[in-house]
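Engineer: My questions all concern the structure below.
Each reported figure results from applying straightforward, stated rules to the coordinates on display, with no laboratory input. Since we're looking at a predicted model, the values are computed, not measured. Cβ atoms come from the backbone with ideal geometry, glycine included; neighbour counts cover every protein chain shown.
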């Protein structure tokens with residue numbers, strides 16, 4: 001049941017599950033306590049407590065925040081009931097089907113596996129992944145159990161590989177009304193050698209295409225397709241998302257991904273010299289900026305809808321990464337903590 005779990009932080013490293021149970025059992029029936037530990041078994045100083053009812057969780061939030069346990073004042077807040085894990089440090093030679101089979105062998109209750117695949121491959125080369133994936137489970141509890149198993153120092157997948165296993169960061173919320181007005185498709189896994197004309201012909205059967213823009217960096221290509229109507233965008237997503245399309249001039253086929261291009265927060269403005277940008281960077285491309293003077297490579301300006309904004313072609317390539325990872329990487333690059341040459 002949603003709302004029945006709380007996060008408890010600020011615990012002493014010596015605090016045990018039995019002590020936590022003793023403190024919180026007065027609030028109501030406890031279903032589970034998950035005391036989070038590192039790979040060598042040391043407590044990290046926080047835990048999750050799941051109650052049988054939302055009433056009990058609410059009572060704990062009101063009565064136990066600031067409670068002193070083992071000499072330390074603890075903090076409590078509602079738990080974000082995540083159901084998705086991030087797996088990193090993966091073998092880049094694994095294909096999507098092979099990796100999914102490996103994951104399902106070690107974790108129960110898996111709903112879906114999203115392995116980040118490089119968008120373009122050269123003729124005759126095997127498609128490779130980016131070394132990370134997202135695994136969605138049937139519930140928060142199932143994901144938490146998998147996290148406990150995956151955090152053990154002796155946990156291996158594929159016979160000899162110890163992956164990095166963490167909670168996946170949740171994507172920032174987008175105003176549904178704003179999202180419903182967008183008429184731009186965000187396209188990934190575009191076939192090698194594709195250009196704007198190829199993409200325009202591919203999407204034209206679904207409605208009037210006003211403009212197409214591509215961005216390339218290394219082996220990755222992403223595209224944005226501007227439609228005249230939102231209904232045309234919806235039809236294109238229904239007709240092309242996760243569909244295998246033939247590459248240009250009879251080239252290699254690719255299973256493309258098509259989705260609604262998400263907007264940036266219009267209250268957050270930034271410039272090229274702005275080093276104090278917000279830490280909460282949103283969405284696929286930091287796109288749909290309301291400045292009508294911003295132009296995109298690949299087509300003339302259109303004042304009928306907001307423009308895409310690329311600060312750097314490398315950032316555009318980063319945007320091709322899954323949503324849950326790219327925000328951190330773009331933030332690192334823009335703050336100058338690392339350069340593009342530090343990121344492989």
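Engineer: Taking the mean number of other Cβ atoms within 10 Å as a proxy for protection, how do you rank 223-233, 199-209, 90-100 from highest to lowest?
Structural biologist: Details: 223-233: 21.0, 199-209: 18.4, 90-100: 15.9.
Listed from highest to lowest mean packing, they are 223-233, 199-209, 90-100.
Engineer: Go ahead and run the numbers for FRET between residue 62 and residue 138, Cβ-Cβ distance against an R0 of 30 Å, rounding to 0.05. Numbers along the way, then the final one.
Structural biologist: Numbers: r = 31 Å, r/R0 = 1.02.
Approximately 0.45, to the nearest 0.05.
Engineer: So for each of 55-66, 178-189 I average, over its residues, the number of other beta carbons within 10 Å; can you give me the resulting order with the highest mean first?
Structural biologist: Working: 55-66: 16.2, 178-189: 19.6.
In decreasing order of mean packing, 55-66, 178-189 become 178-189, 55-66.
Engineer: Average the reciprocal distances over every distinct pair of alpha-carbons in the range 3-143, invert the result, and give the Kirkwood radius in Å.
Structural biologist: 17.4
Engineer: Relative contact order for the range 5-78: what is it in percent, counting Cα pairs under 8 Å that are at least 6 residues apart?
Structural biologist: Working: 132 pairs, mean separation 32.7, N = 74.
Worked out over the range 5-78, it gives 44 percent.
Engineer: Compute the length gained on full extension between residue 148 and residue 195: take 0.36 nm times their separation in residues and subtract their Cα-Cα distance, giving the result in nm to one decimal.
Structural biologist: Values: separation 47, 0.36 × 47 = 16.92 nm, distance 4.54 nm.
Taking 0.36 nm per residue and subtracting the Cα distance, the gain is 12.4 nm.
Engineer: Next question, about the same structure. State, to one decimal in nm, how far the label point of residue 259 lies from the label point of residue 242, with both points 7 Å from Cα in the Cβ direction.
Structural biologist: Rounded to a tenth, the inter-label distance reads 1.2 nm.
Engineer: How big is the Cα convex hull of the range 84-167 in projection, averaged over all directions, in nm²?
Structural biologist: Details: hull surface 21.1 nm².
In nm², the orientation-averaged hull projection of the range 84-167 is 5.3.
Engineer: Another question, then. Would you compute, for the Cα atoms of the range 5-78, the largest minus smallest coordinate along each principal axis and list the three values in descending order, in whole Å?
Structural biologist: Principal extents (Cα only, largest first): 35, 22, 19 Å.
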